[in-house]
Amino acid sequence: MDPTPPPDHPTGDTAFPVPPPRASSSGAATSGGMTGGELIRVENVVKTFTVRTRAGRFRREKTEVRAVDGIDFTVRGGEVVGYIGPNGAGKSTTIKMLTGILVPSSGRLRVAGLDPARERTRLARRIGVVFGQRTTLWWDLPLRDSYALMRRMYRVPRDRYRENLDRCVELLDLADLLDRPVRQLSLGQRMRGDIAAALLHDPRVLYLDEPTIGLDVVSKARVRSFLRAVNTEQGTTVLLTTHDMTDIEQLCSRVMVIDHGRLVHDGDLRGLRLGGHSERTLVVDLERELPPIRLEGARTLRVEGPRQWLAFPATASAAPLVAEIAARFPLVDLSIREPAIEDVIARMYADRAVG
Amino acid sequence: MRGYLFIAAMWMRSTLTYRTSFVLLTLAQLVTSGLDFVVIAVMFAHTDTLGGFELGEVAFLYGTSGVALGLADLLVGSAQQVGRRIRDGSLDVLLVRPVPVFAQVAADRFALRRLGRLTQTGAALAWSLVLLDVDWTWDRVLLLPWMLLSGTAIFAGIYVLGAAFQFWAADAAEVQNAFTHGGNTLTQFPPHVFARDLVRGVTFVVPLAFVNWMPALHVLDRPDPLGLPAFADFASPVVAAAVCGVAALAWRAAVRGYRSTGS
């Protein structure tokens with residue numbers, strides 16, 4: 001029985017300017033950097049669950065599981081952060097603590113100047129959340145009705161609401177869906193509808209838990225381009241969990257990898273690739289079939305007619321290799337392939353398991 | 001409160017998309033709830049009094065208890081479905097909205113068909129008032145709305161306690177039904193027909209006696225089977241406040257301890 005939140009300012013919070021431009025001030029310590037001040041701060045956060053398992057007919061054994069085991073990070077306004085890790089690593093648990101759904105066992109969390117667990121209902125006005133596997137929309141009513149309810153729940157001023165809805169409808173191609181009951185929508189359509197619902201109140205942070213799960217290629221592409229637009233045009237900070245590496249590659253300027261409840265990587269995508277013992281691949285097209293090219297610092301992976309694949313360490317520069325090949329062989333074309341992140345992460349997990 | 005109304009309105013419109021089903025369910029509730037009363041009528045076809053109470057007096061108990069449960073069920077009865085939301089993880093969605101989660105849970109799948117019970121028991125109450133031969137002094141008149149509100153609050157508190165308990169035991173709804181619907185059936189009859197220990201239990205442990213028995217004893221000018229002091233007849237609001245207070249604390253603890261599902 002939370003107390004009813006006090007009647008806020010008409011926009012929800014005037015302390016934060018309505019976009020655009022909105023990234024200029026956040027109330028929290030602004031320490032320059034990217035596009036805005038610090039928006040999320042996570043300090044040494046731990047979440048443990050007690051799991052009861054049956055041991056014998058009546059006896060139950062309690063074991064403590066550390067879903068999140070002491071993580072620290074901060075996110076600035078305007079960042080797009082990918083939060084990845086294997087199943088059960090603690091991704092969803094982190095998101096749920098950041099939204100106030102779960103109360104952390106220890107540690108400190110601040111989101112948009114609030115303590116999520118204590119001020120969950122107030123925080124709700126400043127954040128947008130999309131759960132890939134659950135909908136906030138009303139199953140039997142037209143999509144439009146769910147949006148009208150959002151407007152009332154979040155107390156969005158009418159003109160602001162209209163503007164936001166129009167933009168979402170246009171960019172997410174929802175015009176034909178607005179009057180259809182949600183139960184008649186396909187998964188991809190419903191997901192687009194859910195994303196729009198999370199953005200009608202101008203949230204400062206948008207959390208997406210597996211936003212592209214189960215979607216077809218076209219729907220995925222549309223969702224991604226929309227998120228990019230929201231980030232660049234509205235300055236909305238985006239934190240997303242995903243298993244789809246294309247999401248990360250196309251959207252995220254920063255990647256955090258969590259495993260067994262600990263952050264094992266926090267940085268850009270390149271850093272992630274370089275951090276592992278990954279290799280880049282040089283694809284060489286020659287004029288004719290030749291025996292495998294042998295070079296210092298590279299190994300031949302495959303030969304197929306005039307095309308050859310050479311692997312070299314991701315940390316090494318490709319320039320000397322390219323120069324040498326061009327000088328010694330009849331070169332027609334050449335391209336460099338970055339390592340697939342799946343492989344990099346799989347290798348990271350493997351390394352950790354061994355180490 | 002605002003949020004409760006919006007969400008309740010959404011669910012009403014949602015159920016109205018299946019009009020036939022709505023009409024049938026409302027009629028069904030009217031009939032099943034009416035059958036309870038038929039049972040009482042049948043009993044009185046064979047006897048003139050029940051535990052010393054005449055038909056009008058039993059109808060009065062039936063009506064007051066039924067209206068209290070009907071109102072509580074209409075307002076917060078939906079909360080007993082929270083177990084489903086907990087199991088499938090959809091409570092997460094409610095928790096990230098800027099409306100107190102209790103308001104959302106209480107309005108969840110708000111069902112206007114619950115008016116069925118309220119109408120039927122309300123009619124029984126009105127009828128009993130016609131039958132009753134009571135000296136309507138001002139204290140008796142005031143006691144009637146007084147007991148209906150307190151009774152509603154007591155049943156509502158039990159609904160909320162049941163909902164809170166579902167955060168730990170998913171099937172607690174059945175236990176809670178034993179106290180709400182079971183309690184309703186119990187308090188339809190005069191306390192004098194039950195074993196004294198049972199009456200003690202529902203007075204001091206689960207205070208169902210304060211829903212209607214205690215105040216009704218004063219209205220109907222009947223002796224208290226437990227021989228409690230006279231102020232017990234007027235104590236219902238205090239008991240209701242206590243039940244609601246405990247329920248509020250339990251609910252708060254439950255939401256804070258919420259564990260969510262795996263994904």
**Asked** What is the residue count in region A:118-136 for residues that are more than 7 Å from chain B (Cβ to nearest Cβ) and over 22 Å from the mean Cα position of the chain (by Cα)?
**Response** 3
**Asked** Would you say residue A:249 is in a helix (DSSP H, G or I) and touching a residue at least 60 places away in the same chain (Cβ under 8 Å)?
**Response** yes
**Message:** Condition (residue is within 9 Å of chain B (Cβ to nearest Cβ), surrounded by fewer than 22 Cβ atoms within 10 Å (Cβ to Cβ) and either within 29 Å of residue A:348 (Cβ to Cβ) or more than 21 Å from the chain's Cα centre (by Cα) (or both)) applied to region A:156-177: is it met by at least one residue?
**Reply:** no
**Request:** Determine which single condition residue A:140 fails, assuming it passes every other condition in (1) facing chain B (nearest Cβ under 7 Å); (2) under 22 Å from the mean Cα position of the chain (by Cα).
**Result:** (2)
**Asked** Which of the residues belonging to region A:73-107 are under 20 Å from residue A:38 (Cα atoms) and over 17 Å from the mean Cα position of the chain (by Cα)?
**Response** A:100, A:107
**Prompt:** Looking only at region A:99-112, which residues are buried (at least 20 other Cβ atoms within 10 Å of the Cβ), more than 8 Å from chain B (Cβ to nearest Cβ) and out of contact with any Pro (no Cβ under 6 Å at 6 or more places or on another chain)?
**Reply:** A:104, A:111, A:112
**Fill in**
In region A:136-154, anything under 15 Å from residue B:99 (Cβ atoms), out of contact with any Lys or Arg (no Cβ under 8 Å at 6 or more places or on another chain) and buried (at least 19 other Cβ atoms within 10 Å of the Cβ) is listed as A:138, A:146, A:149, A:150
**Complete:** Of (1) loosely packed, with under 15 Cβ neighbours inside 10 Å; (2) among the acidic types (Asp, Glu); (3) in contact with a helix residue (DSSP H, G or I) (Cβ under 9 Å, 6 or more places away or on another chain), residue B:224 satisfies every one except (1)
**Prompt:** For region A:178-189, does any single residue satisfy the condition of being farther than 20 Å from residue B:96 by Cβ, in contact with a Gly (Cβ under 6 Å, 6 or more places away or on another chain) and surrounded by fewer than 20 Cβ atoms within 10 Å (Cβ to Cβ)?
**Reply:** yes
**Request:** Look through A:238, A:230 and report the one residue that is under 16 Å from residue A:74 (Cα atoms) and among the β-branched types (Val, Ile, Thr).
**Result:** A:238
**Request:** Please verify whether region A:301-308 includes one or more residues that are among the acidic types (Asp, Glu), part of a strand (DSSP E or B), surrounded by 12 or more Cβ atoms within 10 Å (Cβ to Cβ) and out of contact with any helix residue (DSSP H, G or I) (no Cβ under 6 Å at 6 or more places or on another chain).
**Result:** no
**Request:** List every residue pair whose Cβ atoms lie under 9 Å apart, where the two residues are 6 or more positions apart in sequence or sit on different chains, the first residue falls within region B:9-32 and is within 14 Å of another protein chain (Cβ to nearest Cβ), and the second residue, located anywhere, is of a type in the set (Lys, Arg).
**Result:** B:11/B:109; B:14/B:109; B:15/B:109; B:15/B:113; B:22/B:113
**Asked** What number of residues within region A:244-257 are modelled with pLDDT of 85 or more, surrounded by 18 or more Cβ atoms within 10 Å (Cβ to Cβ) and farther than 25 Å from residue A:69 by Cβ?
**Response** 2
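Given the options A:70, A:78, A:90, name the one that is in the same structural domain as residue A:198 (by TED's automatic domain parsing), modelled with pLDDT under 95 and over 21 Å from residue A:238 (Cβ atoms).
A:70
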**Request:** Sort out which residues of region B:228-263 are basic (Lys, Arg) and away from chain A (no Cβ under 14 Å), and write them in order of number.
**Result:** none
**Request:** Out of B:248, B:173, report the one residue that is surrounded by fewer than 17 Cβ atoms within 10 Å (Cβ to Cβ) and under 17 Å from the mean Cα position of the chain (by Cα).
**Result:** B:248
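Table: residues versus (1) of a type in the set (A, V, I, L, M, F, W, C); (2) assigned to a helix (DSSP H, G or I).
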{"residue": "A:176", "(1), (2)": "no, no"}
{"residue": "A:191", "(1), (2)": "yes, yes"}
{"residue": "A:202", "(1), (2)": "no, no"}
{"residue": "A:207", "(1), (2)": "no, no"}
{"residue": "A:211", "(1), (2)": "no, no"}
{"residue": "A:214", "(1), (2)": "no, no"}
{"residue": "A:220", "(1), (2)": "no, yes"}
{"residue": "A:224", "(1), (2)": "no, yes"}
{"residue": "A:243", "(1), (2)": "no, no"}
**Message:** Here is a list: A:260, A:265. Which entry is in contact (Cβ under 8 Å) with a residue 60 or more places away in the chain, surrounded by fewer than 18 Cβ atoms within 10 Å (Cβ to Cβ) and in the same structural domain as residue A:166 (by TED's automatic domain parsing)?
**Reply:** A:260
**Prompt:** Can you name the number of the only condition in (1) over 13 Å from the mean Cα position of the chain (by Cα); (2) part of a strand (DSSP E or B) that residue A:257 fails?
**Reply:** (1)
**Message:** Looking at the structure I just gave you, is residue B:78 more than 30 Å from residue B:97 (Cβ to Cβ) and of a type in the set (S, T, N, Q)?
**Reply:** no
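Conditions (1) crowded, with 23+ Cβ neighbours inside 10 Å; (2) of a type outside the set (Val, Ile, Thr), marked per residue:
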| position | (1), (2) |
| --- | --- |
| A:63 | no, no |
| A:88 | no, yes |
| A:96 | yes, yes |
| A:114 | no, yes |
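Hey, among the residues in region A:74-98 that are among the β-branched types (Val, Ile, Thr) and closer than 18 Å to residue A:47 by Cβ, which one's farthest from the other protein chains (Cβ to nearest Cβ)?
Quick first cut of region A:74-98, residues among the β-branched types (Val, Ile, Thr) only: A:74-75, A:80-81, A:84, A:93-95.
After this cut, where a residue has to be closer than 18 Å to residue A:47 by Cβ as well, the list is A:93-95.
Working: A:93: 8, A:94: 12, A:95: 10 Å.
Per the stated criteria, the residue is A:94.
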**Request:** Determine if region B:111-133 includes at least one residue that is within 14 Å of chain A (Cβ to nearest Cβ) and either assigned to a loop (DSSP other than H, G, I, E, B) or among the hydroxyl-bearing types (Ser, Thr, Tyr) (or both).
**Result:** yes
**Request:** Out of the residues in region B:35-89 that are part of a loop (DSSP other than H, G, I, E, B) and not polar (S, T, N, Q), state the one that is nearest to the other protein chains (Cβ to nearest Cβ).
**Result:** B:89
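The values are calculated or read from the model by the stated rules, or taken from the named source; none is laboratory data. The structure presented is a predicted model; accordingly, all values stated were derived computationally and were not measured. Heads up, the Cβs are rebuilt from the backbone with ideal geometry, glycines too, and the neighbour counts pull from every protein chain shown.
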